[in-house]
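Undergrad: Mind having a look at this structure? Questions to follow.
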Amino acid sequence: QKEVEQDPGPLSVPEGAIVSLNCTYSNSAFQYFMWYRQYSRKGPELLMYTYSSGNKEDGRFTAQVDKSSKYISLFIRDSQPSDSATYLCATDNSWGKLQFGAGTQVVVTP
Amino acid sequence: DGGITQSPKYLFRKEGQNVTLSCEQNLNHDAMYWYRQDPGQGLRLIYYSQIVNDFQKGDIAEGYSVSREKKESFPLTVTSAQKNPTAFYLCASSSGSNQPQHFGDGTRLSIL
């Protein structure tokens, strides 16, 4: 069993809709949680970084962590075609070794 | 601008050949990492280094080697012992554990 599970998609939404992405993880030692966005043929770009349960908001992006359920989510409001990318969740057990989900491909159609 | 530079962007390897991928950062980060990304899979850690002149194996180190002689540089050598080297290779750095990692734009390695 992978330590971080993520639905690979693709997830297709119309422009302006809310994109909802999620991951589950198995190890309760994970303390830090990240979401990255990766465009084709590019490296991942850090979107959100959090270490506590609850919500963290940054512009159109909201990251949600539920440590009791080992569940993390990313919501993108007012989605744009430029949001079309692969979104990777990642967790860190504080030793600096990230565990990544497989990534969810998102397509926002005009 | 501060960032991570990987070169070359594309690389081709012949059978039995070793190739070296370059990774340079000017973020003054102590820690550096190498990942491999295959289609449909998450990133897998090859090697990491938390300080100059020290590095540790990640989850898939076989067939790879690294060096960390300078803080800003962390080259990865894909040796002939790596039988399935075709992949997208990503270098990352961070200011330490518990800090987010920042990535370069990758090197795509293919076999001739």
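Undergrad: Could you derive backbone 3J(HN,Hα) for region A:69-86 from the dihedral phi with the Karplus parameters 6.51, -1.76 and 1.60 (θ = phi - 60°), listing whole Hz in sequence and x where the residue is Gly or Pro?
TA: Each residue of region A:69-86 in turn: 9, 6, 9, 10, 9, 9, 10, 10, 8, 6, 4, 10, x, 5, 7, 5, 5, 9 Hz.
Undergrad: With θ set to phi - 60°, apply the Karplus curve 6.51 cos²θ - 1.76 cosθ + 1.60 along region B:36-43 and write out the HN-Hα couplings as whole Hz, x wherever there is a Gly or Pro.
TA: Residue by residue, region B:36-43 yields 10, 10, 10, x, x, 10, x, 6 Hz.
Undergrad: Residue by residue through region A:40-55, what is 3J(HN,Hα) from phi via Karplus (6.51 cos²θ - 1.76 cosθ + 1.60, θ = phi - 60°)? Round to whole Hz and write x for glycine and proline.
TA: Those phi angles translate into 4, 6, 10, x, x, 10, 5, 9, 9, 9, 8, 10, 10, 5, x, 10 Hz.
Undergrad: Can I ask one more? Going down the list A:LYS97/B:LYS57; A:LYS42/B:LYS9; B:LYS14/B:LYS71; A:LYS2/A:LYS56; B:LYS14/B:LYS70; A:LYS42/B:LYS70, which pairs span over 19 Å between their C-alpha atoms?
TA: Numbers: A:LYS97/B:LYS57 11 Å; A:LYS42/B:LYS9 10 Å; B:LYS14/B:LYS71 31 Å; A:LYS2/A:LYS56 26 Å; B:LYS14/B:LYS70 29 Å; A:LYS42/B:LYS70 25 Å.
Among A:LYS97/B:LYS57; A:LYS42/B:LYS9; B:LYS14/B:LYS71; A:LYS2/A:LYS56; B:LYS14/B:LYS70; A:LYS42/B:LYS70, the Cα-Cα distance tops 19 Å for B:LYS14/B:LYS71; A:LYS2/A:LYS56; B:LYS14/B:LYS70; A:LYS42/B:LYS70.
Undergrad: What average count of beta carbons from other chains do you get within 10 Å of the Cβ of residues in B:103-110?
TA: Numbers: counts 7, 3, 6, 5, 0, 1, 0, 0.
So the per-residue partner count for this stretch is 3.
Undergrad: Where nothing but the Cβ of Lys and Arg (+1) and of Asp and Glu (-1) is charged, how large is the charge dipole of chain A around its Cα centre, in debye to the nearest 20?
TA: On the way: 10 positive and 11 negative charges, 45 e Å.
Computed charge dipole of chain A: roughly 220 debye.
Undergrad: Fewest to most neighbouring Cβ within 10 Å: what's the order for B:PHE74, B:PHE55, A:PHE61?
TA: On the way: B:PHE74 28, B:PHE55 20, A:PHE61 17.
Ordered by Cβ neighbours within 10 Å, fewest first: A:PHE61, B:PHE55, B:PHE74.
Undergrad: Related question: Between B:LYS57 and A:SER53, take the C-beta separation as r, use R0 = 22 Å, and let me know the FRET efficiency to the nearest 0.05.
TA: Working: r = 33 Å, r/R0 = 1.48.
The pair B:LYS57/A:SER53 has a calculated efficiency of 0.10.
Undergrad: Can I ask one more? Under 5 Å between amide H atoms, partner at least 5 residues away or on a different chain: which partners does B:GLY3 have, H built in plane at 1.01 Å?
TA: Amide H neighbours of B:GLY3: B:ASN26, B:LEU27.
Here, each number is a calculation from the coordinates, and none is a lab measurement. Just so it is clear, the structure is predicted and the values come from calculations on it, not from any experiment. Ideal geometry is used to build each Cβ from the backbone, glycine not excepted, and the neighbour counts take in all protein chains shown.
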